[in-house]
Amino acid sequence: MFDLHGKKALVTGGSRGIGRGIALSLAKAGATVIINYRSQTQEAEAVVAEIKKLGGESVALQADVSQKDSVTKMFAEIKNRFGRLDILVNNAGIVFMNPFEKITQEEWDKVLDTNLKSQFLCIQEAVKIMPSGGKIINIASIASGGVGVGFGNIAHYAASKGAVVALTEDLAIELGPRGININAIAPGIIETDMTTGLLSDEKTRTGLLSRIPKGRFGKPEDIGAAAVFLASDESDYLTGSVIYVDGGWLAE
Ligand code: NAP
């Protein structure tokens, strides 16, 4: 079960945090994993080395996934080296905490371009080299709206993640007949660089923890496990769905 041997996977923002956790989980299940990163070459190469130490195959590819030219170049390289892509994980993302009235147009665009436009650009390129049976996994958030929760002071982030869910549902209609599945994972609060600042305040940390029935924050490997399922043949009948990996927060 959940065997990914022979599959070629790309994880955007795979150099650290949740992306790194997903990359390691996919590699442990047997996939060859391409680690995309924007700026931290050393961190990306460290993940590649970790995968190779486990006996897996991996390469790092730099690209700013919010930029069309950069994405096109990365996919040309993937086609050249691997010939196809079986699994795309759209994970790269950023957040800024700012009251609504202080968000500038530049900040709004940066968040939307990195979290949402990147997924559109990568999917458009990926489907050109993705065979039937391919899997696309978009990383959303419990801040995606709908059945999710509002936090405040992250209006641009929440809007981008809500749109990720809409993108996932809409593309399931178009990609289903082509044999490609597309789903989203909505993580709860996961301990990564993204949440270090938020969780360093003891009062906030305790308040957030009290909302999580499992009694702990998530780890990148919790998201990695869901990604392995969505990348595997065992999830063939699942498309256009969102899996919430939040320690039970939304069940409250
Ligand atoms: P993180 O630790 O800050 O890591 C972000 C990753 O994204 C890094 O590898 C970074 O690469 C990459 N990245 C950022 N902008 C990029 C760009 N333009 N092009 C290519 N790569 C880029 O964040 P994280 O917590 O792991 O979050 C990963 C995803 O999960 C995000 O989509 C986030 O919104 C989502 N999420 C996180 C949480 C949470 O609690 N942590 C909860 C819900 C959803 P460089 O280091 O090279 O810049």
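The values are calculated or read from the model by the stated rules, or taken from the named source; none is laboratory data. In this text, all values refer to a predicted model and were calculated from it rather than measured experimentally. Ligands, DNA and RNA are excluded from the accessible area calculation, which covers all protein heavy atoms including side chains. Shrake-Rupley method; radii C 1.70, N 1.55, O 1.52, S 1.80 Å.
So which aspartates and glutamates pass the test for Lys219, namely a Cα distance under 13 Å, with those fewer than 8 places away in the same chain ruled out?
The qualifying aspartates and glutamates are Glu191, Asp193, Asp246.
Give me the percent of the accessible area of the chain that comes from carbon and sulfur atoms, probe 1.4 Å, all protein chains in place. Write out the running numbers ahead of the final one.
Numbers: 6170 of 11920 Å².
Of the solvent-accessible surface of the chain, carbon and sulfur hold 52 percent.
Angle check, please: helix 41-53 long axis (alpha carbons) against the longest principal axis of the chain (alpha carbons), in degrees 0 to 90, nearest 10.
So the helix axis and the longest Cα principal axis differ by about 60 degrees.
Select from Ile87, Ile180, Ile212 the residue whose mean-square fluctuation is largest in a Gaussian network model of the chain (Cα-Cα springs shorter than 10 Å).
Of Ile87, Ile180, Ile212, the Gaussian network model singles out Ile212 as fluctuating most.
What whole-number value in Å² describes the accessible area per residue of segment 95-231 for a 1.4 Å probe? Write down the numbers at each step before the final one.
On the way: 6440 Å² over 137 residues.
Dividing the accessible area of segment 95-231 by its residue count gives 47 Å².
Using only DSSP helix segments of four residues or longer, with each worth -39500 (n - 2.57), what per-residue ellipticity at 222 nm results for the chain after dividing by its residue count and rounding to 500? The partial results should precede the final answer.
Details: 9 runs with 105 residues, N = 252.
About -13000 deg cm²/dmol.
Residue separation times 0.36 nm, minus the C-alpha to C-alpha distance between Phe2 and Glu169: what's the value? Mind showing how you got there, number by number?
Details: separation 167, 0.36 × 167 = 60.12 nm, distance 2.37 nm.
So the extension gain works out to 57.8 nm.
Send over a whole-number figure in Å² for the accessible area per residue of segment 1-92, probe 1.4 Å.
Working: 4210 Å² over 92 residues.
Ligands and nucleic acids excluded, the figure is 46 Å² per residue.
For Ala92, list long-range residues whose amide hydrogen, built 1.01 Å from N in the peptide plane, is under 5 Å from its own amide hydrogen.
Excluding prolines and chain starts, which carry no amide H, the hits are Thr12, Gly13.
Could you work out the per residue convex hull volume over the alpha carbons of segment 8-241, in cubic angstrom?
Values: hull volume 29.6 nm³, N = 234.
Spelled out: Cα convex hull of segment 8-241, divided by residues, is 127 Å³.
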